[in-house]
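Okay, so here's the structure we're looking at.
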Amino acid sequence: MLLNIPAIVLCGTLACMTGLAVFAFFAMSGCDPLANRDVQNPNQVCNSYLHKMGRLKMRNVTMGHNIAGLEIAGQAAMGSQTNVLERWKT
């Protein structure tokens, strides 16, 4: 039961580091996607970051691969949460 604590700490740390990387990218480039109306929803900032990084540095990685990776990670997280809830029920 306590074996998942390191994984939770790792996921939280990675989420914080990702947020800091996105913030640093937009702060260093001097643009605010929300203020410029590049995105309408704050949840779209990460996708905007991936799109800009795809144009700048990762020319051989398409945007579709990045979005597919995000989708797979979300589905894996939901699947693991569902499994935990199922084990608690029984």
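The values are calculated or read from the model by the stated rules, or taken from the named source; none is laboratory data. Given the structure is predicted, the values throughout are model-derived calculations rather than measurements. In this analysis, Cβ positions are derived from the backbone assuming ideal geometry, glycine residues included, and neighbour counts consider all displayed protein chains.
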Name the pairs whose Cβ atoms lie under 8 Å apart, with the first residue in region 9-28 and within 18 Å of Ser48 (Cα to Cα), the second not hydroxyl-bearing (Ser, Thr, Tyr), and 6 or more positions between them or separate chains?
Thr18/Cys46; Val22/Val45; Val22/Cys46; Phe25/Lys52; Phe25/Met53; Phe26/Asp32; Phe26/Pro33; Phe26/Val45
Count of region 59-76 residues which are more than 12 Å from the chain's Cα centre (by Cα) and modelled with pLDDT of 75 or more:
2
Can you tell me how many residues within region 6-57 are at pLDDT below 85, in a loop (DSSP other than H, G, I, E, B) and of a type in the set (Lys, Arg)?
1
Cross-chain or 6+ apart pairs with Cβ under 7 Å, region 61-90 first and of a type outside the set (S, T, N, Q) and surrounded by 10 or more Cβ atoms within 10 Å (Cβ to Cβ), then assigned to a helix (DSSP H, G or I) and modelled with pLDDT of 70 or more:
Met63/Leu50; Met63/His51
